[in-house]
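Submitted below is the structure of interest, expressed as structure tokens.
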Amino acid sequence: MRKNPQITKRPRANPKTLGRVLKMLFRYYPALVPITIVCIVVSSVTAALPPVFMQKVIADITEWHHLAEAWKSFHPGQALDPVILQNAMGEIIPKVLILASFYFVSLIAIILQTQLMAVITQGFLCKLRRTMFDKMQNLPIRYFDTHKHGDIMSHYTNDIDALRELVSQALPSLLQCVIILLSVLFVMLYYSLWMTLILLVGVVAMVLVARKVGGGSAKYFMRQQKAMGRTEGFVQEMMNGQKVIKVFNHEEQSIEDFEKINHQLFEDSAKAHSYANTLGPIIGNIGNILYVIMAVSGGLMLLSNVRNVSIGGFALLTIDIVVPFLNMAKQFTGNVNQASQQINAVVMGMAGGSRLFEMMDEAPETDDGYVTLVNAKVDETGKISESAERTGKWAWRHPHQADGTVTYTPLRGDVRLVEVDFAYTEGKTVLHDVTVFAEPGQKVAFVGATGAGKTTITNLINRFYDIADGKIRYDGININKIKKSDLRQSLGIVLQDTNLFTGTVMDNIRYGRLEATDEECIAAAKLAGADDFITRLPGGYATELQNNGANLSQGQRQLLAIARAAVADPPVMILDEATSSIDTRTEAIVQRGMDKLMEGRTVFVIAHRLSTVMNSDMIMVLDHGRIIERGNHDTLIAQKGTYYRLYTGAFELE
């Protein structure tokens, strides 16, 4: 466990992230996104135009009020002429109706926009999660060996949630603010150039403040997303290791380790939100001060009879221009403030998106293989041909690019490693000049201390990693020429750490070969010695398993893994500590089934219990990545070397 978790890298959000998100939105929804943008434009413009008509209504009311007062001065004591009132209403009511229509259209556009955004956002996230999962399935094993699983899970939770906020709230609101700002700016220029210039000077100050504060929040939002991933990874690690933690009384140390990681998350989150929460009040108060300045400036210009300059023409500045203009100025600064707040959400979404795209930009597992595994049939002359149906016989289909011909090589299980060197990281070789010949039907065992390189050899046969030097041949074919999926289809693996999936017992056995029938799965379970305990389960083969088969014992889980490999019926088996978690009595039962399973197959066995490898055709003793002894049990005992000392107990595996 880590004693002092530290941040070794100061991450930043990639500015290209926003562009990638927008491209994905348009690619996923080429029709709905433009329609939504139109709705945003309509709702924004209709929200910006009402002040224009409000000014006209105020001007008409003022004009008719003066006319009514003049009429009363000439007709004292008489009621207002109905014609005047009728004419006034005839001019004012149409403008009021137009004003109401703007609000109605805006309401319809907003409702349509929200409905479309719900579909777009959830659909986008659904497709994105699918893309992420597809990508994850195509990443090399090296990626999962070098990244915490909790941090990977954080991409599906924290980072996806940040993108949800970006797509559903931040981007639409920001676009709406920008459109309203442009619309209001045009209207303000139409009414008064002088007052617009005063407003823009204040807005420049607001933008500079937003840029300064927003830049600080962006840095810490990215750190926050990283810290959340580390925290989630640590918690998952602790959950998986609860038994070990309690056995070794490590609770206090675990709490201390978590406190360090949690405190780092607190610091990054506090700084990010401190910047973000400070921005709103600052921008809001600048807007209020600017409003006061605008009101005072407008009043002074009215008193001074300043000649107004605008797109609409030249005239004296009047009260029916100043009052609506002040309302528009308030609306303008309010939208600047709202835009600054949305920028924070955009920055946070970009931080999550940057982390997510880092995973999606990882180089996928490469596969240049072209030799495939096919169902084969053999005629009376011994000629091999391809069959569309399952025949129980397999062959390697090898197309030759030079002459366009295709040859078929029987799948026999002949595996040879010749002078293989390998290093997980450059400069740190873990296998040195390893040569292994496994003929069809042979059982080859690897024995050695932890870290000697036993599992590494099987990882290379699977092509989880590619070798640095040497060759690995399968039935005489360089495994680099075999498609990885076909290569792995021909290999059955039982690992020390058993992984069971949510579903029934039958589903987990069938995982080895999805088209296997129930009868074949049951036969595989009987072969592995698992049928006895399965039939005693409450639901038998239909018993639901969850949490990696937590309701089963370790030995039972291992038996299911062996049954899963048996139903795959591969010509080559890899048993990596396959019976390490099974008691001696159960091991004897399993060993009988395994002996039947291994008949006629090439088998690679990694074991600490030497009793499981005594009947091997060849035993390889490894030490620090080198084969130091090889031979069968009797030969190695006679040599009285490392294997002899292991067998007699003079030396123990660690």
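Any residue in the range 423-441 that's at positive phi: show its pairings with residues that are outside any strand (DSSP E or B) and not small (Gly, Ala, Ser) at Cβ separation under 7 Å, as long as the two are six or more apart or on different chains.
Filtered contacts from the range 423-441: 441/601.
Now for a different question. Pull out all pairs, ordered by first then second residue, where Cβ-Cβ is under 8 Å, the residues are six or more apart or on different chains, the first lies in the range 195-220 and is more than 24 Å from residue 355 (Cα to Cα), and the second is at pLDDT below 80 and surrounded by fewer than 18 Cβ atoms within 10 Å (Cβ to Cβ).
Sorted first by the residue in the range 195-220, then by its partner, the pairs are 209/282.
Could I ask something else about it? State all residues of the range 104-119 that are within 26 Å of the chain's Cα centre (by Cα) and over 16 Å from residue 164 (Cβ atoms); if no residue qualifies, say none.
Applying the first criterion (within 26 Å of the chain's Cα centre (by Cα)) to the range 104-119 yields 114-119.
Hit for the range 104-119 is 115, nothing else.
Out of 492, 448, 470, which single residue is under 22 Å from residue 425 (Cβ atoms) and either buried (at least 22 other Cβ atoms within 10 Å of the Cβ) or among the aliphatic types (A, V, I, L, M) (or both)?
Values: 492 fails: under 22 Å from residue 425 (Cβ atoms); 470 fails: either buried (at least 22 other Cβ atoms within 10 Å of the Cβ) or among the aliphatic types (A, V, I, L, M) (or both).
After applying the criteria, what remains is 448.
How many residues are in contact with an Asp or Glu (Cβ under 6 Å, 6 or more places away or on another chain) and of a type in the set (A, V, I, L, M) when one looks only at the range 432-451?
The number of residues fulfilling the criteria is 1.
Exactly one condition in (1) modelled with pLDDT under 75; (2) more than 30 Å from residue 219 (Cα to Cα) is false for residue 12; which is it?
(2)
Could you tell me which of the residues 379, 367 is acidic (Asp, Glu) and within 30 Å of residue 17 (Cβ to Cβ)?
Exactly one residue qualifies, and that residue is 367.
Search the range 106-122 for residues that are assigned to a helix (DSSP H, G or I) and pair each with any residue that is surrounded by 13 or more Cβ atoms within 10 Å (Cβ to Cβ) and basic (Lys, Arg) when their beta-carbon atoms are under 8 Å apart and the residues are at least 6 apart or on different chains.
121/164
Tally up the residues in the range 15-48 that are modelled with pLDDT under 75 and surrounded by 14 or more Cβ atoms within 10 Å (Cβ to Cβ), please.
The first filter runs over the range 15-48 and keeps only residues modelled with pLDDT under 75, leaving 15, 48.
Imposing the further condition that a residue be surrounded by 14 or more Cβ atoms within 10 Å (Cβ to Cβ) reduces the set to 48.
Of the residues in the range 15-48, 1 are modelled with pLDDT under 75 and surrounded by 14 or more Cβ atoms within 10 Å (Cβ to Cβ).
In this structure, does residue 443 turn out to be at pLDDT 90 or above, of a type in the set (Lys, Arg) and under 22 Å from residue 595 (Cα atoms)? Lay out the reasoning, then the answer.
On the way: at pLDDT 90 or above: yes; of a type in the set (Lys, Arg): yes; under 22 Å from residue 595 (Cα atoms): yes.
Judged against the criteria, residue 443 is a match.
Return the residues of the range 191-200 that are in contact with a helix residue (DSSP H, G or I) (Cβ under 9 Å, 6 or more places away or on another chain) and in a helix (DSSP H, G or I); say none if nothing qualifies. Even if it seems obvious, please write down each step before you answer.
Narrowing the range 191-200 to residues in contact with a helix residue (DSSP H, G or I) (Cβ under 9 Å, 6 or more places away or on another chain): 191-192, 194-196, 198-200.
Residues satisfying the conditions are 191, 194, 195, 196, 198, 199, 200.
Here's the yes/no breakdown for (1) surrounded by 18 or more Cβ atoms within 10 Å (Cβ to Cβ); (2) closer than 20 Å to residue 288 by Cα; (3) touching a strand residue (DSSP E or B) at 6+ places or on another chain (Cβ under 8 Å):
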site	(1), (2), (3)
157	no, no, no
167	yes, no, no
172	yes, no, no
180	yes, yes, no
203	yes, yes, no
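Okay, moving on. Which count do you get for residues in the range 350-379 that are in contact with a strand residue (DSSP E or B) (Cβ under 9 Å, 6 or more places away or on another chain) and either of a type in the set (A, V, I, L, M, F, W, C) or surrounded by fewer than 17 Cβ atoms within 10 Å (Cβ to Cβ) (or both)? Please lay out each step first, then the result.
First, pick out the residues of the range 350-379 that are in contact with a strand residue (DSSP E or B) (Cβ under 9 Å, 6 or more places away or on another chain): 369-379.
Next, from what is left, pick out any that are either of a type in the set (A, V, I, L, M, F, W, C) or surrounded by fewer than 17 Cβ atoms within 10 Å (Cβ to Cβ) (or both): 370-371, 373-379.
Matching residues across the range 350-379 total 9.
For (1) modelled with pLDDT of 80 or more; (2) under 29 Å from residue 266 (Cα atoms); (3) outside any helix (DSSP H, G or I); (4) within 38 Å of the chain's Cα centre (by Cα), each residue gets a yes or a no:
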position: 172; (1), (2), (3), (4): yes, no, no, yes
position: 175; (1), (2), (3), (4): yes, no, no, yes
position: 186; (1), (2), (3), (4): yes, no, no, no
position: 189; (1), (2), (3), (4): yes, no, no, no
position: 209; (1), (2), (3), (4): no, yes, no, yes
position: 220; (1), (2), (3), (4): no, yes, no, yes
position: 226; (1), (2), (3), (4): no, yes, no, yes
position: 235; (1), (2), (3), (4): no, yes, no, yes
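The values are calculated or read from the model by the stated rules, or taken from the named source; none is laboratory data. Computed from a predicted structure; not experimentally measured. Ideal geometry is used to build each Cβ from the backbone, glycine not excepted, and the neighbour counts take in all protein chains shown.
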